[in-house]
Every structure is written in structure tokens, then in C-alpha cells.
1. Report yes if some residue within the range 94-110 is of a type in the set (D, E, K, R), part of a helix (DSSP H, G or I) and open to solvent by 70 Å² or more (accessible area, probe 1.4 Å); otherwise report no.
2. Can you name the residue in the range 7-52 that is in contact (Cβ under 8 Å) with a residue 60 or more places away in the chain and touching a strand residue (DSSP E or B) at 6+ places or on another chain (Cβ under 8 Å) and is also farthest from Phe100 (Cα to Cα) among such residues?
3. Scan the range 61-74 for residues that are farther than 16 Å from Ala42 by Cβ, part of a helix (DSSP H, G or I) and open to solvent by less than 100 Å² (accessible area, probe 1.4 Å) and report the count.
4. Residues to consider are Val77, Val81, Val115; find the one that is part of a loop (DSSP other than H, G, I, E, B) and either free of Cβ contacts under 8 Å to residues at least 40 places away in the same chain or touching a Cys at 6+ places or on another chain (Cβ under 9 Å) (or both).
5. What's the number of the condition Ile55 fails, among (1) out of contact with any strand residue (DSSP E or B) (no Cβ under 7 Å at 6 or more places or on another chain); (2) touching a residue at least 12 places away in the same chain (Cβ under 8 Å); (3) surrounded by 14 or more Cβ atoms within 10 Å (Cβ to Cβ); (4) not in a loop (DSSP other than H, G, I, E, B)?
6. Considering only the range 30-43, how many residues are polar (S, T, N, Q) and surrounded by fewer than 16 Cβ atoms within 10 Å (Cβ to Cβ)?
7. Which of the numbered conditions does Ile114 fail, given that it passes all the others? Conditions: (1) closer than 18 Å to Leu29 by Cα; (2) β-branched (Val, Ile, Thr); (3) surrounded by fewer than 15 Cβ atoms within 10 Å (Cβ to Cβ).
Amino acid sequence: MDRTIIEDALFPECPIRNILARLCDKWSLLVIYTLDKAGKGAVRFKELQRAIPDISQKMLTVTLRTLEEDGYVTRTVYAEVPPRVEYALTQRAYSLLPHFDALIGWAIDNRDAIVSDRRKAVGSR
């Protein structure tokens, strides 16, 4: 889904398509998880980038912007030289974390079986 689309054109009332399409991309949940695990409340851009070393600066910027637009992250700019920008989770994001923790637990419990099934599928081709 294009990140600029506000609602799915075919199914504008569908909460699953409209929410998960933006939340479940490659980086969004990882950024939310990293902000939560930082334990500081607010985190600077470079700290986030160091904590997720395989994300590019552009992708982190786009992901943070999307999360801010959807109300999961706040962005605070401090009038300093050089400018300081910090990101923090909102109450909406905190309300998502128990579900996210359940998903992580499920992934941990099922990872070995899923990887094994993938190997079997690749081997049978």
C-alpha cells in the first residue's frame, strides 16, 4: 500500500486493510519495539538508527513519519544548535504493545517449526 493513501480505495471501512497495511510493513513494528525497549521515554534519531543497524536513514525517516501520522509516535523538536529531535511512543502505541508481545511470544514458540517447514518446502521444489 502506498504510504500516502489514507484509506483503502476498494474497502474504505475495512480496519484490517487500512491499519495493518501501514503498521505491518518491514520496519514499523521493529521501530515501535525499539522505542519501547529503549526504556527512556524519548529517543533521538541517531540512537534509533544505531539500535536498528540494517535500516537506512531514509527508511527510518519514512517509517517514523508514517508512525507519527498514524498516532503511534510523537516527534519533539528542540530549538537548539544543532537541533535535537526526539521520538517517543504514544498511548496508542503502548496499548498495542501487549498484542505485540503476544505475537513475539508466538513467533519464538513457533520459529523452529516454521523454519523447518520452509526448508522442507524449498527441498521439495
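1. Yes, the range 94-110 contains a residue that is of a type in the set (D, E, K, R), part of a helix (DSSP H, G or I) and open to solvent by 70 Å² or more (accessible area, probe 1.4 Å).
2. Ranking the qualifying residues of the range 7-52, first place goes to Asp36.
3. So the answer is 4.
4. The match here is Val81.
5. (4)
6. So the count comes out to 0.
7. (1)
Rundown of residues vs (1) among the small types (Gly, Ala, Ser); (2) modelled with pLDDT under 95; (3) within 13 Å of the chain's Cα centre (by Cα), yes/no style:
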position	(1), (2), (3)
Thr63	no, no, yes
Glu80	no, yes, no
Arg84	no, yes, no
Ala88	yes, no, yes
Gln91	no, no, no
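The values are calculated or read from the model by the stated rules, or taken from the named source; none is laboratory data. Nothing here was measured: the structure is a model prediction, and the numbers come from that model. Using ideal geometry, Cβ is built from the backbone for each residue, glycine included, and neighbour counts are taken over all protein chains shown. In case anyone asks, the SASA skips ligands and DNA or RNA and just uses the protein heavy atoms, side chains included. Shrake-Rupley method; radii C 1.70, N 1.55, O 1.52, S 1.80 Å.
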